[in-house]
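Worksheet for the structure shown next.
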There are 2 protein chains.
Amino acid sequence: MNAKPIVTVLAGDRPVIGLEKLQEHAELRITDIAGLGSALNGADVLYMWDFFAEGLQDVWPNADALKWIHVPAAGVDKLLFPELVESDVVVTNARGIFDRPMAEFVLGGILHFAKGFGLAGERQRRQHWKSWPTTEVAGARVLVAGTGSIGRCTARLLRAVGMDVDGMGRTARAGDRDFGTVHASADFAKVAGGYDYVVLAAPLTTATERMVSRTVLEAMKSSAVLVNVGRGKLVDQDALVQALQARRLGGAVLDVFETEPLPQDHELWQLDNVLVTPHMSGDSQNWLDELAAQFESNFHAWRQGKPLANVVDKRLGFVPSDC
Amino acid sequence: MNAKPIVTVLAGDRPVIGLEKLQEHAELRITDIAGLGSALNGADVLYMWDFFAEGLQDVWPNADALKWIHVPAAGVDKLLFPELVESDVVVTNARGIFDRPMAEFVLGGILHFAKGFGLAGERQRRQHWKSWPTTEVAGARVLVAGTGSIGRCTARLLRAVGMDVDGMGRTARAGDRDFGTVHASADFAKVAGGYDYVVLAAPLTTATERMVSRTVLEAMKSSAVLVNVGRGKLVDQDALVQALQARRLGGAVLDVFETEPLPQDHELWQLDNVLVTPHMSGDSQNWLDELAAQFESNFHAWRQGKPLANVVDKRLGFVPSDC
């Protein structure tokens, strides 16, 4: 009898890091998405290193011994499907790893617009010496939608530089330790007009899909900047494009899109009031090592029968916050 | 006898703000640089609204009654000449107004490189979906040259986001309230290699000119980013261009240049590892109003014989710091 658990590792384009530390404790089956079905037979654990892969649902009947899936990403919206939600299989994610890089990315995106660095680049290419109006972020008002660990870390960083930050979550409340005021997402259109920056750091669920509706966009200040590091589908993307084209919005920093990669002919690439980045706001110099270390730590907890960190509430679609 | 003092206002391209509040207290003579000579005859005060203007030295003999010059700028290097330095005429500047905008500009410039937003713009124009390595600013080491109010405000803001900041001033010291360690500028080449970012916020004086020499540039990390919001002549600009072209430096955020405007055919415009901005890091949404209010306040102090704020030490070339 093999005492080692079977861990199926779904690899992708990116080399898998940290396997050398696991191989003495587990039988590793490294596979691509095409081989996932057979690699799941009898497997105890699925380590979805290629966390954007789709297709698990198709081979789900093969997951005959599966107990735990670890997704080294923050959002698990691509993963969840009814049979998995209904099953006893535990899902964990990489909560925490992306917090600080994403918070810094958001602050950088805000300063990019406050200081007009996009315009700087454009004038630099034309060798044109001419200044433009800038704004200060000190005292500017920010609404951060999403009160999980990414939203909280972002709120703390933005507060540290003197911004006035509120939150938005499932339910309204006051006196939150990171946000002070938290609005209910149902009130988004009602409160949107009060902010200079709106940051999306929420998970994609049926409750948050298109939370930035056409109505919300219309309620925003015409100078306001939208920063989306959550998921593209949190926004009515067509309405956003129209608002940006008509300059009814100050600008947008978009790291996520309805369809990724963003199609080459998409008009968002062309807008001079948009900063497009390829779903990378959570990357940092050490993120792959940190993801590997986080799985290793959770794997040892699992082997010892201890509680797993970052267990996703499969019905909610995210790891519930501790407050 | 006219009880009102004569205030000569050197106007420039930018409309002068705040005169309506002064005119009941002073006889105002608004002039351009061509008329400055005759407008100085008998004038008590020179308000150099056009703070980049040169030519005061040429008409200095006309300043027969001058007691005070106010320059609504931080750097007075363009203004000072031997006859003025030797005279009893008091010079004041706009210390304080630019601190926060410049500190934010520096932070934005640092994040621009940490997150690769220059590359983002380049890939966006090519509609190319491909991520790039980023770094975190948390824990990154910064050296801020200049321990006046701009350098201090910058240090505080960079510390607030978790950066590890040291200062550089005339003399080495420990335990500074904003910097902790302050290195002596004489040791620049010795310490430069320890920093991820080097920020120049020093005044231009004979002691600081070309403080970033070829030797200092060679001592810097090849990944380091130079941010210059002080004066172009703080840097050996030719050596900087060579270091950037050879990728012996990570990049540069340059708001100031040896010659301004930066000549149209200058190679700095072309470098993809440089962010060029047209001497505007201190601008903000309210800066002109704030400059006007600051002069008004100092003017009333002067009329009442009270001490003036922000008196420049004409031999040092800046307002000495209070610590």
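Scanning the range A:246-259 for residues that are over 19 Å from B:PHE117 (Cα atoms) and out of contact with any Leu (no Cβ under 7 Å at 6 or more places or on another chain) returns A:ALA246, A:ARG247, A:ARG248, A:GLU258, A:THR259. Residue under question is A:ASP313, and the condition is that it be away from chain B (no Cβ under 14 Å) and of a type in the set (Asp, Glu); does it hold? Judged against the criteria, A:ASP313 is a match. Can you say whether B:ALA174 is modelled with pLDDT of 95 or more, crowded, with 23+ Cβ neighbours inside 10 Å and farther than 23 Å from A:VAL161 by Cα, as far as the supplied structure shows? In short, no. Per the listing B:PHE295, B:PHE257, B:PHE299, the residue uniquely farther than 24 Å from A:THR134 by Cβ and either assigned by TED's automatic domain parsing to the domain that holds B:ALA201 or among the hydrophobic types (A, V, I, L, M, F, W, C) (or both) is B:PHE299. Quick check on my filter: what residues within the range A:293-321 are part of a helix (DSSP H, G or I), surrounded by 20 or more Cβ atoms within 10 Å (Cβ to Cβ) and touching a Gly at 6+ places or on another chain (Cβ under 8 Å)? Scanning the range A:293-321 gives A:GLN294, A:PHE295. Filter the range B:88-125 down to residues that are in a loop (DSSP other than H, G, I, E, B) and either facing chain A (nearest Cβ under 9 Å) or touching a Leu at 6+ places or on another chain (Cβ under 7 Å) (or both) and give me whichever is nearest to B:ALA74 (Cα to Cα). Across the range B:88-125, the extreme among qualifying residues is B:ALA94.
As for the range A:130-149, it holds at least one residue that is assigned to a helix (DSSP H, G or I) and either assigned by TED's automatic domain parsing to the domain that holds A:ALA202 or at pLDDT below 95 (or both).
Being closer than 19 Å to B:ALA160 by Cβ, under 23 Å from the mean Cα position of the chain (by Cα) and outside any helix (DSSP H, G or I) holds for only one residue in A:VAL182, A:VAL165, and it is A:VAL165. Here B:PHE52 fulfils each of the conditions (1) at pLDDT 95 or above; (2) within 14 Å of chain A (Cβ to nearest Cβ) apart from (1). Considering (1) under 25 Å from A:SER222 (Cβ atoms); (2) more than 9 Å from every other protein chain (Cβ to nearest Cβ), the lone condition that A:PHE295 does not fulfil carries the number (1). Evaluated against (1) touching a Pro at 6+ places or on another chain (Cβ under 7 Å); (2) modelled with pLDDT of 95 or more, A:LEU10 falls short on exactly one condition, (1).
Residue by residue, here is whether (1) of a type in the set (Ser, Thr, Tyr); (2) in contact with a helix residue (DSSP H, G or I) (Cβ under 7 Å, 6 or more places away or on another chain); (3) away from chain B (no Cβ under 14 Å) holds:
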residue: A:THR135; (1), (2), (3): yes, yes, no
residue: A:GLY151; (1), (2), (3): no, no, yes
residue: A:VAL161; (1), (2), (3): no, yes, no
residue: A:ASP164; (1), (2), (3): no, no, yes
residue: A:ASP176; (1), (2), (3): no, no, yes
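Taking the criterion of being facing chain A (nearest Cβ under 7 Å), at pLDDT below 95 and surrounded by 18 or more Cβ atoms within 10 Å (Cβ to Cβ), the residues of the range B:278-292 that qualify are B:ASP283, B:SER284. Do the conditions hold for A:LEU275, that is, is it under 27 Å from B:PHE113 (Cα atoms), in contact with a helix residue (DSSP H, G or I) (Cβ under 8 Å, 6 or more places away or on another chain), at the interface with chain B (Cβ under 9 Å from one of its Cβ atoms) and not in a loop (DSSP other than H, G, I, E, B)? Spelling it out, A:LEU275 is indeed under 27 Å from B:PHE113 (Cα atoms), in contact with a helix residue (DSSP H, G or I) (Cβ under 8 Å, 6 or more places away or on another chain), at the interface with chain B (Cβ under 9 Å from one of its Cβ atoms) and not in a loop (DSSP other than H, G, I, E, B).
Looking at (1) outside any loop (DSSP other than H, G, I, E, B); (2) within 7 Å of chain A (Cβ to nearest Cβ), which is the one condition that is false for B:ARG156? Of (1) outside any loop (DSSP other than H, G, I, E, B); (2) within 7 Å of chain A (Cβ to nearest Cβ), only one is false for B:ARG156: (2). Quick check: anything in the range B:9-25 within 14 Å of chain A (Cβ to nearest Cβ) and assigned to a helix (DSSP H, G or I)? Among the residues of the range B:9-25, not one is within 14 Å of chain A (Cβ to nearest Cβ) and assigned to a helix (DSSP H, G or I), which makes the answer no.
Can you spot a residue in the range A:225-242 that is in a loop (DSSP other than H, G, I, E, B), touching a residue at least 60 places away in the same chain (Cβ under 8 Å), under 17 Å from A:GLY151 (Cβ atoms) and of a type in the set (Gly, Ala, Ser)? Checked against the condition, which is being in a loop (DSSP other than H, G, I, E, B), touching a residue at least 60 places away in the same chain (Cβ under 8 Å), under 17 Å from A:GLY151 (Cβ atoms) and of a type in the set (Gly, Ala, Ser), the range A:225-242 yields at least one hit. Looking across the range A:210-248 at every residue that is of a type in the set (A, V, I, L, M, F, W, C) and touching a Gly at 6+ places or on another chain (Cβ under 8 Å), the one that is surrounded by the fewest Cβ atoms within 10 Å (Cβ to Cβ) is identified as A:ALA219.
The values are calculated or read from the model by the stated rules, or taken from the named source; none is laboratory data. The structure displayed is predicted, hence computed values, not measured ones. For neighbour counting, all protein chains shown are included, and Cβ atoms are generated from backbone atoms with ideal geometry for every residue, glycine included.
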